[in-house]
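Shown next, in structure tokens, is the structure this report addresses.
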Amino acid sequence: MFAVIKAGGKQYKVAEDQVLKVEGVTGEPGTIVTLGDVIMLGGDKPTLGSPMIAGASVAAEIISHGRGPKVIAFKKRRRKNSRRKRGHRQDFVLIRISEILTEGAKPTKGPKPKPEPKAKPATDEDGETKPKANKKAAKKPAAKVKPAAKGKKK
């Protein structure tokens, strides 16, 4: 099943577990937000909205916030010695679609847990952790001081 949603003034075709960058969504990373502007529901029996489908929504988990690549707007008027250079980076929110909901249903899936780190500290037979060996860096000789430059007399 897929849905066509409207977020941040743009339309996106989304499916479950899809990750995408959208604008205009607010919230903290790790929270679930509901996007209510569903234009179309697809699948075995597609449904079109006029303009939106009543009771349909999409639940998404906010992964992170970020900024897009820099876009440079450069304007030049020839023979007038006139130039203008402006840079812009658009803000976006990275989201993962968790569910496509119909008929006013509430989201049932929560945010996905973060994976546990796999590296574990080394242990002795007694179960104690081993201290790491301190490696001393080789001492570098002190830099030689150069004599001051002689000034010219006029």
Exercise. How many residues are surrounded by 15 or more Cβ atoms within 10 Å (Cβ to Cβ) and of a type outside the set (Ser, Thr, Tyr) if we restrict to the range 9-20?
Worked result: 3
For this session: Residue by residue through the range 34-50, note down the ones that are surrounded by 17 or more Cβ atoms within 10 Å (Cβ to Cβ) and either under 21 Å from the mean Cα position of the chain (by Cα) or in a loop (DSSP other than H, G, I, E, B) (or both).
Result: Leu35
For this session: Test Glu125 against the stated conditions and say whether it is modelled with pLDDT under 95, closer than 17 Å to Ile5 by Cβ, loosely packed, with under 10 Cβ neighbours inside 10 Å and not small (Gly, Ala, Ser).
Result: no
Seminar exercise, completed: Taking the range 72-92 and the residues there that are in a loop (DSSP other than H, G, I, E, B) and within 30 Å of the chain's Cα centre (by Cα), the one that is nearest to Met1 (Cα to Cα) would be Gln90
Exercise. Going by the conditions given, is Pro69 in a loop (DSSP other than H, G, I, E, B), at pLDDT 95 or above and not β-branched (Val, Ile, Thr)?
Worked result: yes
Seminar exercise, completed: Within the range 51-60, restricting to residues that are part of a loop (DSSP other than H, G, I, E, B) and of a type outside the set (Gly, Ala, Ser), the one that is surrounded by the most Cβ atoms within 10 Å (Cβ to Cβ) is Ile53
For this session: Only residues that are touching a residue at least 40 places away in the same chain (Cβ under 8 Å), surrounded by 14 or more Cβ atoms within 10 Å (Cβ to Cβ) and within 21 Å of Pro29 (Cβ to Cβ): list them for the range 61-100, please.
Result: Glu61, Ile63, Phe92, Val93, Leu94, Ile95, Arg96, Ile97, Ser98, Glu99
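The values are calculated or read from the model by the stated rules, or taken from the named source; none is laboratory data. Values in this document were obtained by computation on a predicted structure and should not be read as measured data. So basically every Cβ, Gly included, is an ideal-geometry build from the backbone, and we count neighbours across all protein chains shown.
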